[in-house]
Structures are given as structure tokens and as C-alpha cells.
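S.K.: The structure's right below; bear with me while I get my questions together.
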Amino acid sequence: MGSRGRPAEGAMTLAEMKEFAGFGASTQRYIRRSLDVGLDREDALGRWSRDLVEAASIRAQAQHYRRLQAIRDLVPGDSGLQASEQVMAPLITLTAFDLGQGRLTSFSAYRFLYERLVGAQVRPWLPSAFCAAAAMPQLHPELRRKLLQSISEAAATASGWSSRQPAFFPYWVEKVDMTALPH
């Protein structure tokens, strides 16, 4: 019976890979960088900063991402208003930071990242946090419009969410110098 689940798991992982491949290069880069920062996978500053501005952005991101563990701990098991009060403020603040970086330009890219940063249990809260953060006045009006138009009606009005944890966590991949390979 255990082997019967494997093809479905493989299909889901492949679907996650395809979704990631559909994002633009700068979005893919930001997601990988964010996972390195948020999951403490690599020396994000050393790997991702190309200049002083990007180094400052990564330091600010690391500062904001210190809230991740608290958010993970605060995600409620139900959807009551009392339960939402504690998790929504830090989730919206963190979301606003990430959207303000200009690299997550759609709800699907945001959802992809946050399912991995926080876990599957955050899925019911993502549409609300995304819409609240995307409507904040510090974002340029054109970016606000693009972000808010990117969330589908199905995502905004879903009646249920999968509890399956994501399987694909994209990493940095070194480029191979094809000219150096033996022929």
C-alpha cells in the first residue's frame, strides 16, 4: 500500500516543480534566496548579494524573517476570529515586506514561497494576508493593482485547503561551464 502513494507524491512534486518553472527568473531567484534566509539553509548574504543594495535588502529580510517561527507557532487550527487575531498581524507585516521587494508579483508566487516558509497549515490564511498586504499604501499603485488582480476567485473563495506539506524546495544551482566539459 505504501508504494501506491509514491506515484501521487511524485506527480505532486513534479507539479510543484512545473509551477516554480513558470515563474520569472527574478521571482525564482527571490524565492530561492528567501528560502535560504527563512529556513537558514545557506549563507544567504554570501550567496545572493551582488552589491551593497542587495546586501542591505538581505539583512532587512533576515530581520523580518525572525518572525517566522512565531508565525509558525501562531497559525491556528481553526478559522475563528479570536484565533486569527494573533497570526494575521505578523503574517501581513511579513507579507508586506516581501511584496514590497517587487519580486513576488502574483498570488501564486507568494503562496508558493509561504507554503514553504511557514508550512501547509498557513494555506487558509494566505489569501487574506496577501490581499491586506497588497492593498497597503506603501506599495506603488500599479504594483497594488497587479498583485490584487493576480489572485483568482477560486483562491480567494476556497472552501477548503490541502494539508499536504510541499515537497519541492528549490535551491541555488551552480551554472556549469559547458566549454570546460570534455567532448
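What follows is calculated from the coordinates using simple rules that are stated; it is not laboratory data. Just so we're clear, the structure is a prediction, and the values are computed from it rather than from any experiment. Virtual Cβ from ideal backbone geometry, glycine too; neighbours counted across all protein chains shown.
S.K.: Can you work out the Karplus-derived ³J(HN,Hα) for every residue in segment 152-160? Use 6.51 cos²θ - 1.76 cosθ + 1.60 with θ = phi - 60°, whole Hz, and x for glycine or proline.
M.R.: 6, 4, 4, 5, 6, 10, 4, 8, x
S.K.: Starting from 0.36 nm per residue, how many nanometres of slack lie between Arg72 and Arg59 once their C-alpha separation is accounted for?
M.R.: Full-extension gain reported as 2.6 nm.
S.K.: Please list the non-local residues whose amide H lies under 5 Å from the amide H of Ile151, H modeled 1.01 Å from N, same-chain partners needing a gap of 5 or more.
M.R.: Here the answer is Phe107, since their amide H atoms fall under 5 Å of that of Ile151.
S.K.: A further question on this structure: Multiply the residue gap between Gln82 and Ala120 by 0.36 nm, knock off their C-alpha separation, and tell me the result in nm, one decimal place.
M.R.: On the way: separation 38, 0.36 × 38 = 13.68 nm, distance 2.06 nm.
Length gained between Gln82 and Ala120: 11.6 nm.
S.K.: Related question: Please check which bits of segment 105-142 a label hung off Glu9 would reach, taking the label as a point 7 Å along Cα-to-C-beta and the cut-off as backbone N under 16 Å.
M.R.: none
S.K.: Let me ask something else about it. Which FRET efficiency value, to the nearest 0.05, do you get for Ala25 and Glu142 by plugging their Cβ-Cβ distance into 1/(1 + (r/R0)^6) with R0 = 25 Å?
M.R.: Details: r = 21 Å, r/R0 = 0.83.
Efficiency for this residue pair is about 0.75.
S.K.: At 7 Å along Cα-to-Cβ for each site, give me the label-to-label distance between Leu52 and Ala167 in nm.
M.R.: 4.7 nm
S.K.: Compute the relative contact order of the chain as a whole-number percentage, counting only Cα pairs closer than 8 Å that sit 6 or more residues apart in sequence.
M.R.: On the way: 156 pairs, mean separation 44.4, N = 183.
Computed over the chain, the figure is 24 percent.
S.K.: Estimate the FRET efficiency between Ser152 and Asp43 by the formula 1/(1 + (r/R0)^6), using the beta-carbon distance for r and 35 Å for R0, to the nearest 0.05. Intermediate values should be presented prior to the final figure.
M.R.: On the way: r = 37 Å, r/R0 = 1.05.
So, using R0 = 35 Å, E works out to roughly 0.45.
S.K.: Based on the mean of other Cβ atoms within 10 Å per residue, sort peptides 127-137, 101-111, 150-160, 81-91 so the most packed one is first.
M.R.: On the way: 127-137: 18.1, 101-111: 19.7, 150-160: 11.4, 81-91: 15.5.
Per-residue Cβ counts within 10 Å, averaged per peptide and sorted highest first, yield 101-111, 127-137, 81-91, 150-160.
S.K.: Using the crude model of +1 on Lys and Arg Cβ and -1 on Asp and Glu Cβ, and no other charge, please compute the dipole size for the chain relative to its Cα centre, in debye to 20. All intermediate terms of the calculation are to be shown ahead of the outcome.
M.R.: Values: 22 positive and 18 negative charges, 32 e Å.
Magnitude of the dipole: close to 160 debye.
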